[in-house]
Amino acid sequence: MTVDVSSLSERSVGMLMTSDHTSVVSMNLFVALLCACILLGHLLEESRWMNESITALAIGLCTGVIILLTTGGKSSHLLVFSEDLFFIYLLPPIIFNAGFQVKKKQFFRNFMTIMTFGAVGTLISFAIISLGAMHFFHKFNIGSLKIGDYLALGAIFSATDSVCTLQVLNQDETPLLYSLVFGEGVVNDATSVVLFNAIQSFDLSHINTSTALQFIGNFLYLFAASTILGVVAGLLSAYIIKKLYFGRHSTDREVALMILMAYLSYILSELFYLSAILTVFFCGIVMSHYTWHNVTESSRVTTKHTFATLSFVAEIFIFLYVGMDALDIEKWRFVSDSPGKSMAVSSILLALVLVGRAASVFPLSFLTNLTKKSPSDKISLKQQVTIWWAGLMRGSVSMALAYNQFTRSGHTDLRANAIMITSTITVVLFSTVVFGLMTKPLVRILLPSSKHIGSMISSEPSSPKSITVPLLSNGQDSEVSLGVQDSEANHGPVNIPRPTSLRMLLSSPTHTVHHYWRKFDNAFMRPVFGGRGFVPYVPGSPVEQNDHQWH
């Protein structure tokens, strides 16, 4: 008996060592592929067609083919996809960095337009895709799909790929267009995830008025509670760092606290079943407005580049895996007997995405333009086409939601679920590669000149002089603009060289929501939570050294 136990123990240890060695080999290869994506992306930086997302997808597809050939068709990827890996580790740095780097003035100046596109537009697209799938898929014998599955499809394919879109548009050349597409993309992702969570938490087999009202109430609660949690987490981090002056002892503590507080907001939102995407996005905005200005100069540079780097690596990781997983033989095995049916389902879903996107962008743009008095603030037809096209791409969020709905532990056991997964992969690949490749040329055709773009779609001067310090320059720009408004309100027009449209706008100052917020922020928020202008005294800091040099 002793011999049997010892041999069994040795065999188990050997299996564990083999498994660990295999995992180490897989991780080595995956990290090498990430390095290859970065190198190739750098070499193709000036390409008219390629971007980082498409490069990672292409390398992932090529790697998947090689793995399929070497394993005899048994596998196509190095790692097993997990929605937990995506939602807990990869998505937080991407969304937080989006909020942290956003040009707040442009974002909040167009806040109502962004919320209209991001929330109302997503609901329109959700309704069209869900109803369209319910109507057309009954004609195909693809298996049993419940009403919850159809509604989940609407949420899955309403999630635009803001990651890929941000790499296509330029924040400096097209500030208004960038803020609209970027803001809508983040709010859209958050709305889609909130919808998806609401669908999964309700029994939709018997829908009545009471269930519909509860669904709407739950949706609004998730939206509001997630936003409030993100704001509270950001303000708490600003207050702690302002009061305790971490930088006088160690800038590492400042950086670590900012990173951990941001991630804590995301995890708390997941713990309370809220929309973690919305929470960490608004946490990023609040941290960039208050917390970032409370830390030392070296910590500002470090945090900005740390968040950007983490986001960049996570984006490449996601698209690289999606490229490899597109060739997963297990998923395609269920649809190998009827590839035409799978292609028909994918084509219908792609057509519904096109129609749903058009039905949300163009009518809402028309309604938004009715509220704009200045022609320069209105969204032109060319800009509407660009917004429509840039939001057609589907990516990592759609993939993660599809896995969550139609697989169990990364595997598909039902034919209908397998068809939905393969169709999602097809739509993601096609939209990212085809639409992504054509977006750059389309933007250049519709908006050919950078100078023309700047004067045509923005009543502000182009964005900051250096993209390496977008937050600092943005904050200064906001302050200068506020100073001009306040000065004009008290002493009349100020003779500052500005574009004609802006000078006309400022000649009669308007008391907007932004104006009142700035007054409230200066009077109550900044004295408590810090922000721009608050520089803690840190012996030996770059700020102090610069002061000594000047004096």
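Here are the numbers:
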{"item": "Members of the range 360-370 found to be open to solvent by less than 30 Å² (accessible area, probe 1.4 Å) and of a type in the set (A, V, I, L, M, F, W, C), listed by number", "result": "Val361, Leu364"}
{"item": "Unmet requirement for Val322, which otherwise passes all of (1) more than 18 Å from Thr116 (Cβ to Cβ); (2) open to solvent by 60 Å² or more (accessible area, probe 1.4 Å)", "result": "(2)"}
{"item": "Among residues of the range 523-533, those that are buried (at least 16 other Cβ atoms within 10 Å of the Cβ) and part of a helix (DSSP H, G or I), counted", "result": "3"}
{"item": "Looking only at the range 196-216, and only at residues there that are at pLDDT 75 or above and of a type in the set (A, V, I, L, M, F, W, C), the one that is farthest from Ile129 (Cα to Cα)", "result": "Leu213"}
{"item": "Unique match (being of a type in the set (Gly, Ala, Ser) and modelled with pLDDT of 85 or more) among Gly356, Gly340, Gly323", "result": "Gly356"}
{"item": "Residue match in the range 234-255 (condition: touching a residue at least 60 places away in the same chain (Cβ under 8 Å), over 17 Å from Asn97 (Cα atoms), out of contact with any Lys or Arg (no Cβ under 7 Å at 6 or more places or on another chain) and not in a helix (DSSP H, G or I))", "result": "yes"}
{"item": "Residue among Ile199, Ile240 that alone is among the hydrophobic types (A, V, I, L, M, F, W, C), open to solvent by 40 Å² or more (accessible area, probe 1.4 Å) and in contact with a Leu (Cβ under 9 Å, 6 or more places away or on another chain)", "result": "Ile240"}
{"item": "Filter pass, Thr426 being at pLDDT below 80, in a helix (DSSP H, G or I) and closer than 30 Å to Ala58 by Cβ", "result": "no"}
{"item": "Residue count, the range 21-34 (criterion: open to solvent by less than 70 Å² (accessible area, probe 1.4 Å) and more than 12 Å from Phe317 (Cβ to Cβ))", "result": "4"}
{"item": "Residue in the range 297-306 that is farthest from Glu254 (Cα to Cα), counting only those that are open to solvent by 10 Å² or more (accessible area, probe 1.4 Å) and not small (Gly, Ala, Ser)", "result": "His305"}
{"item": "Elements of type helices (runs of 4 or more DSSP H) contained in the range 64-167, each with 3 or more residues being at pLDDT 80 or above", "result": "91-101, 111-115, 121-137, 147-156"}
{"item": "Residue within the range 133-143 that is β-branched (Val, Ile, Thr), more than 30 Å from Thr309 (Cβ to Cβ) and surrounded by 20 or more Cβ atoms within 10 Å (Cβ to Cβ) present", "result": "yes"}
{"item": "Meets criteria (closer than 21 Å to Phe534 by Cα and β-branched (Val, Ile, Thr)) for Val255", "result": "yes"}
{"item": "Restricting the range 371-410 to residues that are within 26 Å of Ile199 (Cβ to Cβ) and of a type in the set (Lys, Arg), the residue that is surrounded by the most Cβ atoms within 10 Å (Cβ to Cβ)", "result": "Arg394"}
{"item": "Condition met for Ser347 (under 21 Å from Leu153 (Cβ atoms), open to solvent by 10 Å² or more (accessible area, probe 1.4 Å) and not aliphatic (A, V, I, L, M))", "result": "yes"}
{"item": "Some residue of the range 107-117 being open to solvent by 50 Å² or more (accessible area, probe 1.4 Å), of a type in the set (Val, Ile, Thr) and closer than 16 Å to Ala190 by Cα", "result": "no"}
{"item": "Among the candidates Ala224, Ala314, residue that is under 19 Å from the mean Cα position of the chain (by Cα) and surrounded by fewer than 17 Cβ atoms within 10 Å (Cβ to Cβ)", "result": "Ala224"}
{"item": "Test result for Arg357, within 22 Å of Ala402 (Cα to Cα), surrounded by fewer than 20 Cβ atoms within 10 Å (Cβ to Cβ) and of a type in the set (D, E, K, R)", "result": "no"}
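This table checks each residue for (1) closer than 30 Å to Phe246 by Cα; (2) under 20 Å from the mean Cα position of the chain (by Cα).
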site	(1), (2)
Thr309	yes, yes
Gly323	no, yes
Asp328	no, no
Leu350	no, no
Val353	no, yes
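The values are calculated or read from the model by the stated rules, or taken from the named source; none is laboratory data. Please read these numbers as outputs of a predicted model, since none were measured by experiment. Glycine also receives a Cβ, built like all others from the backbone with ideal geometry; neighbour counts cover every protein chain displayed. Side chains included, ligands, DNA and RNA excluded: accessible areas come from the protein's heavy atoms. Shrake-Rupley method; radii C 1.70, N 1.55, O 1.52, S 1.80 Å.
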